[in-house]
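Step one of this worksheet: look at the structure below.
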Amino acid sequence: MTPHGNAEKANSSNQKTIYQKIREAVDAIQARTALKPEMGVILGSGLGAIADQLTDPVIIPYTDIPHFHGTSVEGHAGRMVIGRFQGVPTVVLQGRFHVYEGYEMEEVVFPTRTVCALGIHTLVLTNAAGGINPRFRAGDLMLIEDHINLSGSNPLKGPNLAQLGPRFPDMTEAYSQDCIRIMKQAADELGIAVHQGVYAGVLGPTYETPAEVRMLRTLGGEAVGMSTVPETIAAVHLGVRVAGISLISNLAAGMSPTKLTHQEVIDNSKLGATKMAQLLGAVIPKLKHTPGGSKEA
């Protein structure tokens, strides 16, 4: 294709609405599998191996899906996996995009919107997060009961598309209380200790300073990370029920005698991934029987 042809293709893509782009992505995915997922899971740093539990998986690289990008962060494989998780039709995203990589909010939440448009009723968001609550230890799990958006942006800014949701969506229960109850009960039955708390979403990519961690604690944050909040907002906008789980991969800055590294996040996430996988294995079949709203785009 000539440079002029490339420019025409880019302009044509830019002129499409978000809704049209979502439909193109959904059509491409449905051409690869007839399975209709009921649950969605987005896996955070170091948690990608959880997707190996799916039976009869169909694996689609992000680069094969229209309007997706390849991932650039270690611990994010950049693949969509569709199969059955404990018998439940499930779509799993191994890796996500982040604003700190240079993407616009619309691009960051595009995979979330696509997964929701496949017809799921519940989206489970996982992440690796820094522990702010002094009771937390690396390897702990925290059920997200609310969040604080400190990223400086919102995925719903700009013109609103009625096909996706209302102009001013209510966020009173961004994280489903039913889901929290089911996850807590499942964790108790498995003997897995879990915390409940507030996730503070920041821009990144730098880790927080000790002063910023003290500020976040004062604001009510108990774990901090660079994802999840935009995805939650986008899913709630679409009428999809959200559950969130943070794996505490490290203590936040100023709470540990050592400096923070991404390798520490990856290593600790792998150690905690077994607990996360056990919890998801017990929770997803139970969430299937208590469906929330769904909105197929």
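Going by the conditions given, is A200 in a strand (DSSP E or B) and in contact with a strand residue (DSSP E or B) (Cβ under 7 Å, 6 or more places away or on another chain)?
Values: in a strand (DSSP E or B): yes; in contact with a strand residue (DSSP E or B) (Cβ under 7 Å, 6 or more places away or on another chain): yes.
Taking the combined requirement at face value, the residue satisfies it.
For the stretch 97-117, what are the residues that are part of a loop (DSSP other than H, G, I, E, B) and buried (at least 24 other Cβ atoms within 10 Å of the Cβ)? Please lay out each step first, then the result.
Start the filter on the stretch 97-117 by keeping residues that are part of a loop (DSSP other than H, G, I, E, B), which leaves 97-98, 102-104, 109.
Of everything in the stretch 97-117, those that are part of a loop (DSSP other than H, G, I, E, B) and buried (at least 24 other Cβ atoms within 10 Å of the Cβ) turn out to be F97, V109.
Considering only the stretch 114-171, state which residues are polar (S, T, N, Q) and closer than 29 Å to N250 by Cα. Write out each step before concluding.
Going residue by residue through the stretch 114-171, those that are polar (S, T, N, Q) are 114, 122, 126-127, 133, 149, 151, 153-154, 160, 163.
Within the stretch 114-171, T122, T126, N127, N133, N149, S151, S153, N154 qualify.
For (1) within 28 Å of H121 (Cα to Cα); (2) modelled with pLDDT under 95; (3) of a type in the set (A, V, I, L, M, F, W, C); (4) touching a His at 6+ places or on another chain (Cβ under 9 Å), each residue gets a yes or a no:
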site	(1), (2), (3), (4)
D188	yes, no, no, no
H237	yes, no, no, no
V242	yes, no, yes, no
L251	no, yes, yes, no
H262	no, yes, no, no
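Among the residues in the stretch 207-229, are any in contact (Cβ under 8 Å) with a residue 24 or more places away in the chain and over 22 Å from N133 (Cα atoms)?
Scanning the stretch 207-229 turns up no residue that is in contact (Cβ under 8 Å) with a residue 24 or more places away in the chain and over 22 Å from N133 (Cα atoms).
Going through A117, A162 one at a time, which residue ends up being over 22 Å from M276 (Cβ atoms), without any contact (Cβ under 8 Å) to a residue 12 or more places away in the chain and among the hydrophobic types (A, V, I, L, M, F, W, C)? I'd like the intermediate steps shown before the answer.
Numbers: A117 fails: without any contact (Cβ under 8 Å) to a residue 12 or more places away in the chain.
A162 is the lone residue from the list that is over 22 Å from M276 (Cβ atoms), without any contact (Cβ under 8 Å) to a residue 12 or more places away in the chain and among the hydrophobic types (A, V, I, L, M, F, W, C).
When M171 is evaluated against the numbered criteria (1) surrounded by fewer than 19 Cβ atoms within 10 Å (Cβ to Cβ); (2) of a type outside the set (K, R); (3) out of contact with any helix residue (DSSP H, G or I) (no Cβ under 7 Å at 6 or more places or on another chain); (4) at negative phi, which criterion, by number, is the only one it fails?
(3)
So if I check each of N133, N149, N154, which one is in a loop (DSSP other than H, G, I, E, B), modelled with pLDDT of 95 or more and in contact with a strand residue (DSSP E or B) (Cβ under 7 Å, 6 or more places away or on another chain)? Steps first, answer last, please.
Numbers: N149 fails: in a loop (DSSP other than H, G, I, E, B); N154 fails: in contact with a strand residue (DSSP E or B) (Cβ under 7 Å, 6 or more places away or on another chain).
Just one listed residue meets the conditions, N133.
Within the stretch 17-63, can you find the residues that are hydrophobic (A, V, I, L, M, F, W, C), surrounded by fewer than 18 Cβ atoms within 10 Å (Cβ to Cβ) and either touching a helix residue (DSSP H, G or I) at 6+ places or on another chain (Cβ under 6 Å) or part of a helix (DSSP H, G or I) (or both)?
Passing the criteria: A28, A49.
Which ones in the stretch 190-202 are modelled with pLDDT of 95 or more and exposed (fewer than 13 other Cβ atoms within 10 Å of the Cβ)?
G191
Which condition from (1) surrounded by fewer than 23 Cβ atoms within 10 Å (Cβ to Cβ); (2) modelled with pLDDT of 95 or more; (3) outside any helix (DSSP H, G or I) is the one that G70 breaks?
All conditions pass for G70, except number (2).
For the stretch 222-244: of the residues being under 17 Å from L150 (Cα atoms) and among the β-branched types (V, I, T), which is surrounded by the fewest Cβ atoms within 10 Å (Cβ to Cβ)?
The initial filter retains those residues of the stretch 222-244 that are under 17 Å from L150 (Cα atoms), namely 222-234.
Remaining after also requiring among the β-branched types (V, I, T): 224, 228-229, 232-233.
Details: V224: 26, T228: 25, V229: 26, T232: 28, I233: 23.
Ranking the qualifying residues of the stretch 222-244, first place goes to I233.
Looking at the stretch 277-297, which of the residues that are modelled with pLDDT under 65 and either touching a Leu at 6+ places or on another chain (Cβ under 6 Å) or of a type outside the set (S, T, Y) (or both) is farthest from A186 (Cα to Cα)?
Per the stated criteria, the residue is A297.
Take the residues in the stretch 267-276 that are of a type outside the set (S, T, N, Q) and either surrounded by 17 or more Cβ atoms within 10 Å (Cβ to Cβ) or under 22 Å from E212 (Cβ atoms) (or both); name whichever of them is modelled with the lowest pLDDT.
Quick first cut of the stretch 267-276, residues of a type outside the set (S, T, N, Q) only: 267, 270-273, 275-276.
Now drop any that are not either surrounded by 17 or more Cβ atoms within 10 Å (Cβ to Cβ) or under 22 Å from E212 (Cβ atoms) (or both), which leaves 270, 272-273, 275-276.
Details: K270: 71, G272: 79, A273: 83, K275: 91, M276: 91.
Filtering the stretch 267-276 for residues that are of a type outside the set (S, T, N, Q) and either surrounded by 17 or more Cβ atoms within 10 Å (Cβ to Cβ) or under 22 Å from E212 (Cβ atoms) (or both), the one modelled with the lowest pLDDT comes out as K270.
What do you reckon, is F110 aromatic (F, W, Y), closer than 27 Å to R79 by Cβ, within 15 Å of the chain's Cα centre (by Cα) and modelled with pLDDT under 95?
Values: aromatic (F, W, Y): yes; closer than 27 Å to R79 by Cβ: yes; within 15 Å of the chain's Cα centre (by Cα): yes; modelled with pLDDT under 95: no.
For F110, the condition - aromatic (F, W, Y), closer than 27 Å to R79 by Cβ, within 15 Å of the chain's Cα centre (by Cα) and modelled with pLDDT under 95 - is not met.
The values are calculated or read from the model by the stated rules, or taken from the named source; none is laboratory data. Computed from a prediction, not measured in an experiment: that's the story for all the values here. Note that each Cβ is placed from the backbone with ideal geometry, even for glycine, and that neighbours are counted across all protein chains shown.
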